[in-house]
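Here is the structure we will look at.
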Amino acid sequence: MVSDKTPGPDVPPEDQIEFVETSGLKLSRLVDDFDDAVDRIYDPLRSSSILNRLFYSASALADHSLIWFLVSSVMGTTRKGARRSKVISGSLLFESALVNIVIKSLFGRQRPTNHSERPYKLRQPLTSSFPSGHASAAFMWATLMTRGQGIAPIYLVVAAIVSISRLHVKIHHASDIVGGMILGTLLGRLIKRVFLYGR
């Protein structure tokens, strides 16, 4: 029988454990239901040849943050952009290590099952599905590229395309992408404050 008591100093340890486990199951179901609903709504768009070209290309270009490093390198050729280029490049390396080595190792989430044949070839990651490294890198990059608070529309659009591409190609669940977006934005703001505008 599951206890309806909330954890507290007057609740026995066994009841506290039972409460935490039950809450975790409820949260897991909510996340799964959210992912299933988004996937059902989005699925018809996967038959669009235009969207397939756009999203498969975006997903491939953002593998290992390739596109973000390229933009950063071009920016580094100018005196005005040299410092920001170094900060972005270093941040991308840090973000990759944090997400792929530390955070993903804490979650053993399986990636979405894809039974249909893909219209284009795509690298299949072996790491945990949560969070989306593509989304976290994209939104961190967009945040660092923007001067001031928030994210400039042009960078937001680019980051969103890369992030949504992972849903389109069925390599990430919707919640993986949302988690990556939030993580990347927070990392970008923190790094911006410490290394760009905090001095």
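Okay, here's what the table says:
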read-out	value
Residue check, V162 of a type in the set (V, I, T) and touching a residue at least 60 places away in the same chain (Cβ under 8 Å)	yes
Per-region count, region 33-77, residues charged (D, E, K, R) and under 17 Å from the mean Cα position of the chain (by Cα)	3
Conditions (1) under 21 Å from L61 (Cα atoms); (2) buried (at least 19 other Cβ atoms within 10 Å of the Cβ): number failed by Q124	(2)
Filter result (without any contact (Cβ under 8 Å) to a residue 12 or more places away in the chain and under 17 Å from V158 (Cβ atoms)) within region 62-80	L66, L70, V74
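Any read-out appearing in this document is the output of simple, stated calculations on the displayed coordinates, not a laboratory observation. Because the structure is a prediction, the values reported are computed rather than measured. Neighbour counts run over all protein chains shown; Cβ positions are idealised from the backbone, glycine included.
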